[in-house]
Amino acid sequence: MLARRLHRFLAYTFAQSTPRVSNSHPQMSRGDTVKFPNPHDLKTIPGTEGWERMYPYQYQFVTDDPERKQYEEQTFWFYDGLHYPEPIYPFDTIWDEAWYLALSQFNNRIFQVPPVRGVDHRIINGYVYISPVPVKDPEEVGRRVPNFMERAGFYYGNWDALEAKWKLKMAATIKELEDLKIPRLPELEDIKVVLEASGESEGYHLIKAYDDLINLGIKCWQYHFEFLNLGYAAYVFFLDFVQKQFPSIPLQRVTQMISGIDVIMYRSDDELKKLAKKAIELEVDHVISGEADWTDIEPALKALPKGQLWLAALEEVRYPWFNISSGTGWSHKDRSWNDDLNIPLSGIATYIGKLKEGVNIERPLEKVRAERDRITAEYRDLIKTDEDRKTFDDLLATARTVFPYVENHLFYVEHWFHSVFWNKMREVGALMQEHGMINEVEDIWLLRRDEIKQALWDMVTAWATGVKPRGTKVWPPEIEWRKGVMQKFKEWSAPPAIGTAPEVIQEPFTIVLWGVTNNSLADWSAVQEITDPDNITELKGFAGSPGIVEGIARVCHSADEIRQLREGEILVAPTTSPSWAPAFAKIKACVTDVGGIMSHAAIVCREYGMPAIVGTGHATKVIKSGMILRVDGSSGVVTIVR
């Protein structure tokens, strides 16, 4: 059944011209111009001269290679604030390099998606800029179709079995990571090295462990994109068909047709709700509620017999469900719930309060599904032919089959794997600190991963020889300089886009995930020209989830800050992540700087049935906490009332 449906899906898709996702707004005319800075004209921030050495050389915009310089100037680059809301630390580029490779290889070398190759990357003043690389030649698109039909068709036709295999691969990779030991360097090797004739030192094992750690990270990201592009493609091709049938349909109407699907990413939040209910059931809720810190709450619970039962329940769900990052998981600063129990504690306290008020804290799944089914039936009935209705049914069923992976992979990779990975790297940092290579464990993030490898070799050979490593004099002053550079980077206002804006943005992933359209470019450009943000009274973004509300703004830049949210406020953030789930039980709407209709904030707000506007570009720079906002999630307009 699924194989037949998916064959029809592929046959429809590539019998048509290359899929083109509508921007949902009128395109600019040829006479209109959206101006963004030339990437080679952006100046180095005073005091950061030489910052380029902090990042891989291929990430630099260049002026000494005419061919590359011309390509860079004629290409449109946009700031990837969806993944990097702050300047990227040198070590943290590991994930950017990993998805740079993985996404592009699956698009271009493995499945060969007909209309798009990969995504090119650059860094300027610490900010990551990306540019999707389309296939411009229609004949080449046609030549790529048979390969995609065969290769992607195999995955679509065997989706459930292959996804089950994927989960086993990811679980094994995570276990390998969790079991990885970062060895110490002893004064004298254990006698068993001699008695067992192993022929291997702890110095060798330290170098190997670091290599294994890095390689596990890269392998994890190979798996990350094994299914992801195909998941998005299924959605994009359904969207393309629906827009051909109904040219004026809002994008959010199409996304609503795929809503109401339960995914594993909601499991961690569901566990918080269960713990809130258990606290009330055991009559220990009074200990957990309020603004108290975990360091005070834990001993208070241990002193109560029923409190110990609750703590046992907490411990039972922490692994793996509290391996949720406080941010996107892309930065070492995004500590997990297991690292800081105050974050999930705040969510549990929120749910306890709502339960005691008699509020239903469950996601309104039935309501969302009823609205989904109503919208789906309404549009399906308007389709004129049986053939087109059959195609609609097949494409929708395919999108619903593959879409859960788009959310589920986040838990395994960006959250569970990354949470463990960052802490393994901290073990490496602790060892380097012990040997005087760095002053603090957290200094390790200021080094590139190849620099750490070099420093470890310096450290190990010095240990083996019985001399002082040179790195004790090299790295501490370099790291102090880089700390100053990073601070200056944070103070710089990164333009949302640079280079040459295209006449029409058509690359589908750019639109649905990052929310970059011709309309958003015009809005970003207009805001750039206004030097006084206090004079801005309106922002435009993607209509991520329908509805209109007014309320008080609360600007939050991190999961720590969502504890400040009050009931009924409007969350304004650079972006959101699954760790922010308890916030959606308090707020009445959400506004973000970055993201498209398939971003986390848009998806979650649709599941909760509240308005969302995503991809505004500048909301956190313009809006201040306490402002009164009017959020129109149907039109994508945020109005600052006062």
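The values are calculated or read from the model by the stated rules, or taken from the named source; none is laboratory data. Just so you know, these numbers come straight off a predicted model, no measurement behind them. We place every Cβ from the backbone using ideal geometry, glycine too, and count neighbours over all the protein chains shown. The area values use the complete protein model at the heavy-atom level, side chains included, leaving out ligands, DNA and RNA. Shrake-Rupley method; radii C 1.70, N 1.55, O 1.52, S 1.80 Å.
Compare Arg253, Arg109 by solvent-accessible area with a 1.4 Å probe and give them largest first, with all protein chains kept in place.
Most to least solvent-accessible, the answer reads Arg109, Arg253.
If amide hydrogens are placed 1.01 Å from N in the peptide plane, which non-local residues have theirs closer than 5 Å to the one on Ile124?
For Ile124, whose amide H was placed from the backbone, the distant partners under 5 Å are Tyr129.
Mind checking the per residue accessible area of the range 211-299 for me, 1.4 Å probe, whole number of Å²?
Heavy-atom accessible area per residue stands at 34 Å².
Any chance you could run the full-extension gain for Lys384 through Asn158? It's 0.36 nm times the residue separation minus the Cα-Cα distance, nm to one decimal.
Separation in residues times 0.36 nm, less the Cα-Cα distance, equals 78.2 nm.
Under 15 Å from the Cβ of His205, count the other residues' Cβ atoms, weight Lys and Arg +1, Asp and Glu -1, and hand me the total. Display every interim value, and only then the final one.
Working: positive: Lys181, Arg184, Lys192, Lys208, Lys424, Lys453; negative: Asp179, Glu189, Asp190, Glu196, Glu200, Glu202, Asp211, Asp212, Glu427.
Charge balance near His205 sits at -3.
Mind ranking Arg426, Arg389, Arg380, Arg151 by accessible surface for me, highest first, 1.4 Å probe?
Descending accessible area places them as Arg151, Arg380, Arg389, Arg426.
Sort the following peptides by mean Cβ neighbour count (other Cβ atoms within 10 Å, averaged over residues), highest first: 439-448, 44-53, 396-405.
Put in order of decreasing packing, that is 396-405, 439-448, 44-53.
Ignoring ligands, DNA and RNA, what accessible area per residue does the range 378-491 give at 1.4 Å, in Å²?
Details: 4770 Å² over 114 residues.
Accessible area per residue, the range 378-491: 42 Å².
What's the local net charge at Ala430, with K and R +1, D and E -1, over the other residues with C-beta under 13 Å away? Before the final figure, lay out the partial values.
On the way: positive: Arg184, Lys424, Arg426; negative: Glu427, Glu434, Glu440, Glu442, Asp443.
Counting the neighbours of Ala430, the net charge comes to -2.
Rank these residues by their accessible area, most exposed first, probe 1.4 Å: Tyr57, Tyr232.
Tyr57, Tyr232
Can you compute the radius of gyration and Dmax for the chain, using only the Cα atoms, both in Å?
Gyration radius and largest Cα-Cα distance of the chain: 25.6, 82 Å.
Could you state the accessible area per residue of the range 99-149 in Å², with a 1.4 Å probe and every protein chain left in place?
Accessible area per residue: 36 Å².
As a test of the formula, what do you get for the chain when each DSSP H run with n ≥ 4 contributes -39,500 (n - 2.57) and the sum is divided by the residue count, at 222 nm and rounded to the nearest 500 deg cm²/dmol? Intermediate values should be presented prior to the final figure.
Details: 21 runs with 313 residues, N = 642.
Using -39500 (n - 2.57) per qualifying helix, the result is -16000 deg cm²/dmol.
Counting only C-alpha contacts under 8 Å and six or more residues apart, can you give the relative contact order of the range 247-370 as a whole percent?
It rounds to 31 percent for the range 247-370.
Would you tally the net charge around Ile640, using a Cβ to Cβ cut-off of less than 12 Å, leaving Ile640 out, and scoring K and R as +1, D and E as -1? Walk me through the numbers on the way to the answer.
On the way: positive: Lys624, Arg630, Arg642; negative: Asp534, Glu538, Glu550.
Summing Lys and Arg as +1 and Asp and Glu as -1 gives 0.
What distance in nm separates the two pseudo spin-label positions at Ala300 and Asp560, each 7 Å out from Cα along the beta-carbon direction?
Result: 2.2 nm between the two label points.
Within the accessible area of the chain, what % is carbon and sulfur when the probe is 1.4 Å and the other protein chains stay in place?
Working: 13890 of 26690 Å².
With neighbouring chains kept in place, the figure for the chain is 52 percent.
Order these peptides, 413-420, 190-197, 370-377, by their mean beta-carbon neighbour count within 10 angstrom, highest first.
The peptides rank, most packed first, as 413-420, 370-377, 190-197.
Could you work out the relative contact order of the chain, using alpha carbon pairs under 8 angstrom and six or more residues apart, expressed as a whole percent? Mind showing how you got there, number by number?
On the way: 1035 pairs, mean separation 126.1, N = 642.
The value is 20 percent.
Over what distance in Å are the Cα centres of the range 244-300 and the range 145-203 separated?
The two parts, judged by their Cα centres, are 32 Å apart.
I'd like to compare 471-482, 356-367: which one has the highest average count of other Cβ atoms within 10 Å, and what's the full order after that?
With the highest mean Cβ count within 10 Å placed first, the list reads 471-482, 356-367.
Suppose each label sits 7 Å from its Cα in the direction of the beta carbon; what would the Ser635-Ala313 distance come out to in nanometres?
If labels sit at Ser635 and Ala313, their model points lie 4.7 nm apart.
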